[in-house]
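Some notes on the structure that comes next.
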Amino acid sequence: MQDIASEITKALTEYTSEVEAEMDIIKSDVADETVNMLKANSPTGRRGKYAKGWRVKKDGTSYVIHNATNAGLTHLTEKGHAKRNGGRTKAQPHISIAEQEAIKKFENKIERVIRGD
């Protein structure tokens, strides 16, 4: 009976390690794909600096996507803002769209790994 329990524990440990390794690869891939999507779908503006500024940074076991060139513009372009002489600019949602797409991709890929597809 003890042998069966230790074999089950060993098998589960190996499975968990495999899933964790695949999960790290998936996180990196989805982060890179999301950055590419943001670069393609961001408003370009006058020089396109904002769209080119998207980067991925690894933070522990997580990946953070940020705009390195114009971080202050992310909220303003996503939500719109008041103009100096009155009125508002049009919101240009691109971050929330990329976020939702990344969540779907991540969940689908993780489910496939867990199922062993």
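The table that follows gives values for the structure above.
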quantity	calculated
Net charge, Met37 excluded, C-beta distance under 11 Å - Lys, Arg +1, Asp, Glu -1	-2
Mean Cα-pair separation over length for the chain, i.e. relative contact order, pairs under 8 Å, 6 or more apart, %	23
Cα-Cα over 23 Å, subset of Lys58/Lys105; Lys49/Lys105; Lys57/Lys105; Lys57/Lys104	Lys49/Lys105
Dipole of the chain [Lys/Arg +1, Asp/Glu -1 at C-beta], most positive-end residue of Gly53, Met37, Ile25	Gly53
Electrostatic dipole magnitude of region 1-58 [Cβ: Lys, Arg +1; Asp, Glu -1; Cα centre; debye, to 20]	1180
Between helix 2-41 and the chain: long-axis angle, C-alpha atoms, 0 to 90°, nearest 10	20
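Rule-based calculations on the coordinates, nothing more; no lab input. All values derive from a computational prediction rather than experimental measurement. In this analysis, Cβ positions are derived from the backbone assuming ideal geometry, glycine residues included, and neighbour counts consider all displayed protein chains.
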